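This report concerns only the one structure given below.
What follows is calculated from the coordinates using simple rules that are stated; it is not laboratory data. All values reported here derive from a predicted model rather than from experimental measurement. Glycine gets a Cβ as well: all are built from the backbone with ideal geometry, and neighbour counts include every protein chain shown.
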Amino acid sequence: MRKKFLLGSDRMAGKRLGKQTLKFSSPPSVISNAAIAGPKEGEGPLSQYFDLILTDDYFGEDSWEKAESKMLKEAVKSAVKASGRSNTNIDFMFAGDLLNQIISSSFAARELQIPYIGLYGACSTMAESLCMGALMIDGGFAEAVVCATSSHFCSAERQYRFPLEQGVQRSPFTQWTVTGAGAAVVAEAGTGPYITHATIGKVLDFGIKDANNMGAAMAPAAVDTITAHLNETGRKPEYYDLIITGDLGKVGKAIILDMMPKEGFDITKVYNDCGSMIFDSEKQDTHAGGSGCGCAAVVLNGYIAKEMKRGNINKVLLIATGALLSPTTTWQGESIPCIAHAVAIENAIGVGV
Amino acid sequence: MKTKMSSKQYEKYIKDKLPKPAYLKNCIAAFIVGGLICDVAQFISNTAKSYGYNQEAVSSITAASMVFLGAFLTGIGIYDRIGKFAGAGSIVPITGFANSMVSPAMEFKREGFVFGVGAKMFILAGPVLVYGISASILIGIIRYLLGK
Amino acid sequence: MDYLKAFLVGGAICVIGQLLMDLTKLTPARVLVAFVTAGTILQGIGIYQTIVDFGGAGATTPLTGFGYSLAKGAMKEVREAGLLGAFTGGLKATAGGIAGAVFFGYIMALLFNPKSK
């Protein structure tokens, strides 16, 4: 039978669950990780899990943007080295960051010379890049890819909010952009942990206009994606050892734990949030917690990766959440549209669906 | 997801989950720091007067000195720490105006001295000057029309 | 004593600013613009002078005082130089402060770099 007469639904049978969830028929393995964190993150509760902690925010460069790009580049190099491969046999690089025109990623790609696909998902980029990387491999187009993202407190503040030396008072629900970069090498051949499913999010906007209130803006998107994932895979929350959002922070965490039961799921027992874990908000004065692409990146590639290796976590659903605003839209009085992408990473290929 | 909420409903829903600013503490801090900064200005004013300068000169000397103070404290990286504690107490006085000019100027040095330092100095001060000067011109015109 | 009066008046004006920032959606930049304009208008209708007479530097240091100087200068020049004074008076009176801000601002930007937080 000629291929072009196969019905769309036949080709997709078993690969797409419902509208948003993708099931990989040959789940690729995350074969190595790297997490580079800034000084403040290095003083936080997860410091032991990071591969490199910077002594200062400049990382030897003369601008923060260059420092951030260097962090991303070094994270990729580190992850590639740990995978036993070299730059020349990593097929593709998926990366993104918060800066205008994703310069951190593009300039790192310039140095790395790996065929590059730039992504923008704001703080959802870690999950977005893993989704895309897994798709590339499961689709038979690549043997190994690297998925990376970065953020930097100083470069983000300067672009989105205030110059650093300006005397402003942060509101109690503001979050602190993480200075960090994380990279994961995902390959066709490996013994896990496996990326088994990905759920692609829709953009949701519940009308929050305050750029300081990211947690509240992003929570509905996270709820929507988790709900879609659980409904479409048929899994219960307890299937996972950990359902973790990227950077909802203290406020977003309270909201999601309140909204999920309304969708029919109680995730309380297995839920955590990278933004709430990365800083000690009392000691480090980070108000509602960490945020930024680097937040999910260093927690996933540092804490979660190591805990999965040790067998303390075996099945994790990472939902990285992004706020898709720009300074322009804020000045134009727009509210903040948000998105959340989910990846399921499991030590053994799961029994459920 | 099943839950559907309008923007207004969502705003109301999250209200009790949002931590509130420490209103009283912030007001007290603003009052004390703002008051102290004004006292520094008063001291400079009195000193200038004692040297025999007239009222206009005293105003200019005080303004320029306070601006210098704000600029210097911003440069050495202290003003933002004061601001974190004092809020409006450090934003409202003229030292805060200086801070709002110096901090972006320092920040954007990497983008060069023309488009970085030179242009960015006015991102926050610009509106203040535009509206203040325009308002004063209007007042002047009205005064003129009312026949002094 | 003039230090006490300056403290009270200056502190009170800052508290108004703090309340505006905490209770409304106004950003610090908008609060500053509002204060400058308010100071100008209040001097235009003659009220701010009384606050200055009582509070001294407590009234002239906050940004409302900058608006006051602008308006006072404009009105003075109009009395002496007619309509042109409306345009020249404000800047004449505040030249010291503005020039200082530009110059000292530039020097500080040359000398110092922002610190990591």
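Using a cut-off of 18 Å between alpha-carbon atoms, which lysines can reach A:Lys77, once sequence neighbours fewer than 8 places away in the same chain are excluded?
Straight-distance partners of A:Lys77: A:Lys66.
Where the centroid of each part is defined by its Cα atoms, how far is the range B:14-88 from the range A:258-278 in Å?
Between the Cα centres of the range B:14-88 and the range A:258-278 lies a distance of 44 Å.
How would you rank A:303-313, B:89-99, highest first, on the average number of other Cβ atoms within 10 Å across their residues?
B:89-99, A:303-313
Residues of A:115-125, mean number of Cβ from any other protein chain within 10 Å of their own Cβ, rounded to a whole number? Kindly include the intermediate steps, with their values, before the conclusion.
Working: counts 0, 0, 0, 0, 0, 0, 0, 0, 0, 0, 0.
Mean inter-chain Cβ contacts per residue within 10 Å come to 0.
Tell me, what is the percent relative contact order of the range A:223-353, built from C-alpha pairs under 8 Å that lie six or more residues apart? Can you show the working numbers first?
Numbers: 192 pairs, mean separation 38.7, N = 131.
RCO, the range A:223-353: 30 percent.
With r defined as the distance between the Cβ atoms of A:Lys309 and A:Lys81 and R0 fixed at 25 Å, what FRET efficiency is calculated, to the nearest 0.05?
0.90
When we measure straight from the Cα of A:Lys236, which aspartates and glutamates land under 12 angstrom away, once same-chain ones fewer than 8 places off are left out?
Straight-distance partners of A:Lys236: A:Asp266.
Hey, quick one: spin label on C:Met1, modelled 7 Å out along Cα-Cβ, who in the range B:45-66 has an amide N within reach, i.e. under 18 Å?
It comes to B:45-47, nothing else.
Among residues other than A:Gly215 whose Cβ falls under 12 Å from its Cβ, what is the net charge (Lys/Arg +1, Asp/Glu -1)? Could the numbers behind the result be given before it?
Working: positive: A:Lys250, A:Lys253, B:Lys17; negative: A:Asp210, A:Asp247, A:Asp273.
The answer is 0.
Can you work out the FRET efficiency for the pair A:Ser326 and C:Ile45, with r the C-beta to C-beta distance and R0 = 45 Å, to the nearest 0.05? Display every interim value, and only then the final one.
On the way: r = 41 Å, r/R0 = 0.92.
E between A:Ser326 and C:Ile45, to the nearest 0.05, is 0.65.
Running a GNM on chain A with Cα contacts under 10 Å, which residue among A:Gln101, A:Gln20, A:Gln332 ends up with the highest mean-square fluctuation?
Greatest mean-square fluctuation among the candidates belongs to A:Gln332.
Per-residue Cβ counts within 10 Å, from other chains only, averaged over C:34-45: what number is that? Present the calculation step by step, with values, prior to reporting the outcome.
Working: counts 1, 5, 10, 6, 1, 3, 9, 4, 0, 3, 7, 1.
Average per residue, whole number: 4.
Calculate how many DSSP beta bridges within the protein assembly as shown are antiparallel, expressed in % of all such bridges and rounded to the nearest 5. Can you show the working numbers first?
Numbers: 38 of 58 bridges.
Percentage antiparallel, nearest 5: 65.
Aspartates and glutamates near B:Lys49 by alpha-carbon distance under 20 Å, same-chain residues fewer than 8 away left out - which ones?
Of all the aspartates and glutamates, those that pass the test against B:Lys49 - Cα under 20 Å, at least 8 places apart if same chain - are B:Asp39, C:Asp2, C:Asp53.
What is the distance in Å between the Cα centres of the range A:197-237 and the range A:66-141?
Measuring centre to centre over Cα atoms gives 24 Å.
Are any of the pairs A:Lys250/B:Lys17; A:Lys202/B:Lys2; C:Lys72/C:Lys92; C:Lys25/C:Lys115; A:Lys262/C:Lys25 more than 20 Å apart by Cα-Cα distance, and if so, which? Write down the numbers at each step before the final one.
On the way: A:Lys250/B:Lys17 9 Å; A:Lys202/B:Lys2 14 Å; C:Lys72/C:Lys92 10 Å; C:Lys25/C:Lys115 29 Å; A:Lys262/C:Lys25 30 Å.
In this structure, C:Lys25/C:Lys115; A:Lys262/C:Lys25 lie more than 20 Å apart at Cα.
Provide the per-residue ³J(HN,Hα) series for the range B:46-60, in order, calculated from phi with Karplus coefficients 6.51, -1.76, 1.60 and θ = phi - 60°, each as a whole number of Hz, with x at glycine and proline positions.
Listing the rounded values in order: 4, 4, 4, 4, 5, 7, x, 6, 7, 4, 5, 5, 4, 4, 5 Hz.
Could you work out how far apart the two model spin labels at A:Phe141 and B:Lys12 are, taking each label as a point 7 Å from the Cα in the direction of the beta carbon, and quote it in nm?
Taking the two extended label points, one gets 4.7 nm.
Given R₀ = 45 Å, FRET efficiency for A:Glu282-A:Ser25 by Cβ-Cβ distance, to 0.05? Don't skip to the answer; put the middle values down first.
Details: r = 47 Å, r/R0 = 1.04.
In this case the efficiency is close to 0.45.
Normalising by the residue count of the range C:2-111, find the relative contact order in percent from Cα pairs under 8 Å and 6+ residues apart. Let's see the in-between values first.
Values: 122 pairs, mean separation 25.9, N = 110.
Relative CO of the range C:2-111 lands at 24 percent.
Would you mind checking A:Lys40/A:Lys283; A:Lys19/A:Lys209; A:Lys23/A:Lys315 for any pair whose Cα atoms are more than 18 angstrom apart? Don't skip to the answer; put the middle values down first.
Details: A:Lys40/A:Lys283 11 Å; A:Lys19/A:Lys209 29 Å; A:Lys23/A:Lys315 15 Å.
Table pairs above 18 Å Cα-Cα are A:Lys19/A:Lys209.
Report the gain in length on full extension from A:Lys262 to A:Glu111: 0.36 nm times residue separation, minus Cα-Cα distance, nm rounded to one decimal.
Answer, rounded to one decimal: 49.6 nm.
Would you tell me the mean number of C-beta atoms belonging to other protein chains that fall within 10 Å of each C-beta in A:254-262, as a whole number? Can you show the working numbers first?
Numbers: counts 5, 5, 0, 1, 3, 5, 2, 0, 3.
Mean shielding by partner chains, rounded to a whole number: 3.
In percent, what relative contact order does chain B have, based on Cα pairs under 8 Å that are 6 or more apart in sequence?
Details: 107 pairs, mean separation 28.3, N = 148.
Relative contact order of chain B: 19 percent.
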